[in-house]
1. Compute the distribution of all C-alpha to C-alpha distances in segment 1-119, in bins of 5 Å from 0, and list the percent of pairs in each, rounded to whole numbers.
2. With the contact rule set at Cα under 8 Å and sequence spacing of 6 or more, what percent relative contact order holds for segment 16-66?
3. Could you work out how far the C-alpha centroid of segment 157-175 sits from that of segment 1-62, in angstrom?
4. May I ask you to order 108-118, 37-47 by the average number of other C-beta atoms within 10 Å around their residues, highest value first?
Amino acid sequence: MSAQKAAVNFFCIGAQKAGTTTLYHLLSQHPKVYLPKEKEAHFFDDDTEYNKGLDYYLERYFPDQAKAEWMGTITPSYSLFEKVPERIKESLGTKVKFIFILRNPVERLWSQYHMNLSLKRESLSLADAIKAEKKRMQGSLRHQKRYSYVNRGLYAQQIEYYLEYFPKENFLFLDFQDDFVSNLQNGIKKIEEFLKLEHHQYDFEVSMNAFQKNGKRKRIFNRIKRKLGLSAGFKDFQASNKKDKIAKPELSPELEEELLNTIFIQDIKRLESLTQTDYYQRWVLKN
């Protein structure tokens, strides 16, 4: 089993709504990287799946594991649960590498909340959803993942879970704005250097997230419709793209400042110490 244990050797553990789908589509193109067909392999965070054992995990997600130098998954909820890092260490050893993309926690929360609204998963106001989070987190695993608006943004707390079991040099911390939004190619270069991967010519035009995919599908459908002279049927197509129906409003600076300073400020200060990066300047002061 030792050879198998060494095969799965990296994870992107978050954050949700911080470019993880983009990363999945890009790293999947690299010939030396093996990612499962399912972007998120929920094993170490799911008691039922975890109890099926490591052989089950390997057989389900990594059937061709001998074909790549780097095997892993991009599973943002792995940063959410305190039990996950210990399970990873016990199953795979201490040489596992971790990529963590950090995004302004209020912007991340805002994006998650409006995703849930658009998918009709959320009926509460944002304020009520935040108040209800602690109770919801005591519910089913699905609810814990779905309604963890604040908890998913407590990055220092999450990193501290992992540092109990893995050395700090096993981690690459990326900034969502700098390394994905502003300069995606540089962010991918940092990952290649971290994993000691040969440089690859990626297709950066590939559809990266659900909105882009839906937009691409909509454009394709429109082209087909024009060619065939069709005028009906598009309503059915739109109905299959629920996320296109609700536009996400802009996050007001006042609300962002309030949430940063009342909910996340202490965690941000701890994060600065852990990563040696001035996130207070980036996220709170923004100048």
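1. 2, 11, 20, 24, 20, 12, 7, 3, 1
2. Relative CO of segment 16-66 lands at 30 percent.
3. If you average the Cα positions of each part, the centres end up 18 Å apart.
4. Sorting 108-118, 37-47 by mean packing, highest first, produces 108-118, 37-47.
Values quoted throughout were computed directly from the atomic coordinates according to the rules given, and no laboratory measurement underlies them. The structure presented is a predicted model; accordingly, all values stated were derived computationally and were not measured. No Cβ is skipped: glycine too gets one built from the backbone with ideal geometry, and neighbour counts run over all protein chains shown.
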